[in-house]
Amino acid sequence: MMRDLKTRLLAMVAFAIMVAGCGGEDAAHPMSTLAPRSDLANWINGLFMEITAWDLLILVIVIVAFTLAVFFFSTRVGEAGPPTAVSSDLTLEIVWTLGPALILLFISIPTVRLIFRTQPRKPVANELPITVVAHQWWWEFHYDDGSGAVTANELHIPAERPIHLKLVSNDVIHSFWVPRLGGKRDVVPGQVNEIHLISTIPGEYYGQCAEFCGVSHANMRFRIFVDKPDDFAMWEKSQTQPGAVPAEATAAMRGAQVFANSPCTTCHTINGISKGYVGPNLTHLASRTTIAAGVLANDPAQLTQWIEHPDEMKPGARMPDFGLRGAELNDLVAYLESLK
Ligand code: CUA
C-alpha cells in the first residue's frame, strides 16, 4: 500500500516536471504552444490560460469543500449517527445547477468569440495569399501574390505582414500545425480551409502534420521561416528565377544531363528543364535546409542516401529507387546541390 502511494507520488512529480518542461521559450522547446510567436498563437495561448485559470478556481473550491466536509462536518467517533437526510433543498438545487452552467458560459463565450476572430469575413488589407497543398507525405507552397514562387516543406513568410494560408489536400486528410504560430487546422480534400496570422518575430518555426494520414504521417514535417520583410523580398525574388545552369565540364553539368535523361523529370519541376507535378519543385532545392519533408538534412551525403533508398528513409514514399549509383548519382547530387 505504502509502495503504491510512493509510486503514485513519483509519477505525479514526474508529470509535473514534464508539463513544466513544455513551456520553455528557448530552442529546447521548438514546438511548444506555450511560447507563441504570432497573433493567432497568442490568442489561443491567452484563451488556454484563461480557461486554465477558471479550472484552477474550480479545483480550489472543490478542495476547500472536500477538506471542510472531511475535517469539520464529519461524524466523530462516539457521536450520534449521521444527521437526518434532507429530501430537498431548493437553494442548493439552484446553486449546483447554475454554478456549472455559469462556468460553461465563462468558457464558451471567449472560445466562440476567438473562433470568429480567427476567421475574418472580409479580406484583410495587404495580406499575402499562399496556397498550401498537402500531399502524402510532404507540403507544397504556392505564393499567390503574382510572383509565381513555389516551394516545398519550407515556407518563408515576411514578418509583420498578414498571411493568408489556403489549405488544400491532394489526397487524404492532413492537418497543418505550427505550434508556435498557431493552428492546427485540418487539410481536407475537396475543401479549402484557411489560416490568417501575423508573426512579428523573425525565426525558424517547426511544423508537423497533426492528422494521421498514412505510414509516413510522422515524417510529414515542415518549417516556417519568418523573415525580415527585406530578406523575404530577396528570397521570393530568388525563387522565381530559372534553375541555375552549371558551368561546362563540371560534375554538376554532367548531373544536369543525368537529370534531363532520367525518369525524375516526370515528377519534378526544374524551371526551364522539366515539368512534373507529383513531387516537390526542385528549381531551388539547394536553398532549402532540409529534404524529404524535413526528415533529412540537405547535404550531399543525405541527398545521395535519399535517392538510393527513399523507401527506407521515408516508408511509403512515392519516389522509387531508379537504380542510379556511382558516378551518375554523384553527378546528379552535385547538380541538385547547385540549384540555389
Ligand atoms: Cu499528413 Cu499526417
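The values are calculated or read from the model by the stated rules, or taken from the named source; none is laboratory data. Being a predicted model, the structure only gives us computed values, none of them experimental. Methodologically, a virtual Cβ is constructed for each residue, glycine included, from the backbone with ideal geometry; neighbour enumeration extends over all protein chains shown. The protein model used for the area step is the full one, side chains on, heavy atoms only, and it has no ligands, DNA or RNA in it. Shrake-Rupley method; radii C 1.70, N 1.55, O 1.52, S 1.80 Å.
Worth a mention:
- Helices (runs of 4 or more DSSP H) contained entirely in region 286-340, each with at least 3 residues that are under 21 Å from Q241 (Cβ atoms): 326-336
- Test set (1) open to solvent by less than 70 Å² (accessible area, probe 1.4 Å); (2) at negative phi - K237 fails condition number: (1)
- Within region 21-73, the residues that satisfy the criterion of being farther than 29 Å from I115 by Cβ, open to solvent by 70 Å² or more (accessible area, probe 1.4 Å) and at pLDDT below 90 are D26, A27, A28, F71, F72, F73.
- Only one of P263, P229 that is touching a strand residue (DSSP E or B) at 6+ places or on another chain (Cβ under 6 Å) and in contact (Cβ under 8 Å) with a residue 12 or more places away in the chain: P229
- Matching residues, region 119-141, being closer than 15 Å to A210 by Cα and not in a strand (DSSP E or B): Q136, W137
- Applying the condition of being open to solvent by 100 Å² or more (accessible area, probe 1.4 Å) and assigned to a loop (DSSP other than H, G, I, E, B) to region 86-108 and asking which residue is modelled with the lowest pLDDT yields V86.
- Residues located in region 286-340, provided they are aromatic (F, W, Y) and under 24 Å from the mean Cα position of the chain (by Cα): W306
- Within region 114-132, the set of residues being among the β-branched types (V, I, T) and either touching a Lys or Arg at 6+ places or on another chain (Cβ under 8 Å) or open to solvent by less than 50 Å² (accessible area, probe 1.4 Å) (or both) comprises T118, I130, T131, V132.
- Matching residues in region 226-283 - criterion: being of a type in the set (G, A, S) and within 25 Å of the chain's Cα centre (by Cα): A233, G279
- Residues (open to solvent by 20 Å² or more (accessible area, probe 1.4 Å), over 23 Å from H29 (Cα atoms) and either among the charged types (D, E, K, R) or away from the ligand (no atom under 12 Å from the Cβ) (or both)) located in region 163-186: H164, K166, V168, D171, D186
- If only residues of region 242-256 that are free of Cβ contacts under 8 Å to residues at least 12 places away in the same chain and over 26 Å from G148 (Cα atoms) are counted, the one that is most open to solvent (accessible area, probe 1.4 Å) is E248.
- Candidates T151, T111 - the one that is open to solvent by less than 50 Å² (accessible area, probe 1.4 Å), among the hydroxyl-bearing types (S, T, Y) and not in a strand (DSSP E or B): T111
- In region 187-211, of all residues being assigned to a strand (DSSP E or B) and open to solvent by 50 Å² or more (accessible area, probe 1.4 Å), the one that is nearest to the ligand (Cβ to nearest atom) corresponds to Y206.
- Taking residues in region 303-320 that are open to solvent by 30 Å² or more (accessible area, probe 1.4 Å), and partners anywhere that are of a type in the set (F, W, Y) and assigned to a helix (DSSP H, G or I), the pairs with Cβ atoms closer than 7 Å and at least 6 places apart or on different chains are M313/W306.
Here is a yes/no grid of residues against (1) touching a residue at least 40 places away in the same chain (Cβ under 8 Å); (2) of a type outside the set (V, I, T):
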residue	(1), (2)
L47	yes, yes
A53	no, yes
V60	no, no
V64	no, no
S74	no, yes
E79	no, yes
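- Among the conditions (1) more than 10 Å from the ligand (Cβ to nearest atom); (2) in a helix (DSSP H, G or I); (3) out of contact with any His (no Cβ under 9 Å at 6 or more places or on another chain), R223 misses just one, which is (2).
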